[in-house]
Amino acid sequence: MDNLDIVQILGTGLSGFGFLLMYLAYKLISSLVPLPNVNPNIIKMINRYMLVCFIMTVTVGVFTFMTTSYKNNVISDQAALIKSKDTVVNILTAAQNAKLLSDSLSRNMDGPLAGEVKTRQNSYLDTLQKYIDGEHNPAQHERFNRYKESLTTITDSLTMDNLDRRRKEFLKEKYVGINDSITRFSLKLADAKSVVAPK
């Protein structure tokens, strides 16, 4: 059939099938035209058949385009919603882990501050920082940086060996208080991220 890949044409769906019917009708007309004494009604009937195939192909093509465009929009909206929910979950998880670390530290008043506490704390703070930087809100960014610097300073102070019990208790209370502030801050951030999600 003049190098036409029928399987590939039919693979496009109904519009491909309609095109194939039109093409076959065209080939039929082109084979009849050179013949002598061809009934003009037959050629007219084949022309009408071609027209019907053409209308079917265009109609199916338009509806396919419309539904594909709609489905692509829906998929895009769903992907954005999933990404937004994933962001909210990550923010809340980091805030919860920071809170658990803070609670663990406040209960262990006499024990030494393990080196892993600072590592874990920095990991949670870096996760939150990533989402805060994505907000492009200078006031929010500055506020979080203040919390982060205070928490880092307190953690560094708690690692010192020559702290008396009262000073250690005071620093741990401050540590818990700042962590509570970060938790509230994170909840507001998560709430803002979920509000802007597409419906």
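The values are calculated or read from the model by the stated rules, or taken from the named source; none is laboratory data. Being a predicted model, the structure only gives us computed values, none of them experimental. Don't worry about glycine lacking a Cβ; one is built from the backbone with ideal geometry, like all the others, and counts go over all protein chains shown. We work out accessible area using only protein heavy atoms, side chains counted, and drop any ligands, DNA or RNA first. Shrake-Rupley method; radii C 1.70, N 1.55, O 1.52, S 1.80 Å.
A139 passes every criterion in (1) of a type in the set (A, V, I, L, M, F, W, C); (2) touching a Leu at 6+ places or on another chain (Cβ under 8 Å); (3) in a helix (DSSP H, G or I) apart from (2).
Does any residue of region 184-198 turn out to be farther than 16 Å from A98 by Cβ, in contact (Cβ under 8 Å) with a residue 40 or more places away in the chain, of a type outside the set (G, A, S) and surrounded by fewer than 13 Cβ atoms within 10 Å (Cβ to Cβ)? Yes - at least one qualifying residue is present in region 184-198.
Step by step: first the residues of region 124-136, then only those that are out of contact with any helix residue (DSSP H, G or I) (no Cβ under 8 Å at 6 or more places or on another chain) and either modelled with pLDDT of 80 or more or surrounded by 18 or more Cβ atoms within 10 Å (Cβ to Cβ) (or both), then the one that is farthest from R167 (Cα to Cα). Which residue is that? Per the stated criteria, the residue is K130.
Counting only residues that are open to solvent by 90 Å² or more (accessible area, probe 1.4 Å) and under 54 Å from the mean Cα position of the chain (by Cα), region 30-44 holds 0 of them. A single member of I182, I154, I132 is under 25 Å from the mean Cα position of the chain (by Cα) and of a type in the set (A, V, I, L, M, F, W, C), and it is I132. Consider region 60-77 and keep the residues that are polar (S, T, N, Q), within 17 Å of G13 (Cβ to Cβ) and open to solvent by 60 Å² or more (accessible area, probe 1.4 Å). The one that is nearest to the chain's Cα centre (by Cα) is N72. Scanning region 151-168 for residues that are open to solvent by less than 100 Å² (accessible area, probe 1.4 Å) and of a type in the set (D, E) gives D156, D164.
Every test in (1) farther than 24 Å from D5 by Cβ; (2) at pLDDT 80 or above is passed by L21 save one, and that test is (1).
In region 169-179, of all residues being open to solvent by 20 Å² or more (accessible area, probe 1.4 Å) and touching a helix residue (DSSP H, G or I) at 6+ places or on another chain (Cβ under 7 Å), the one that is nearest to L101 (Cα to Cα) corresponds to V176. Do we have any residue at all in region 16-29 that's open to solvent by less than 70 Å² (accessible area, probe 1.4 Å) and over 17 Å from I55 (Cβ atoms)? Within region 16-29, one or more residues are open to solvent by less than 70 Å² (accessible area, probe 1.4 Å) and over 17 Å from I55 (Cβ atoms).
Among residues of region 142-197 being outside any helix (DSSP H, G or I) and touching a Ser or Thr at 6+ places or on another chain (Cβ under 8 Å), the one that is modelled with the highest pLDDT is L163.
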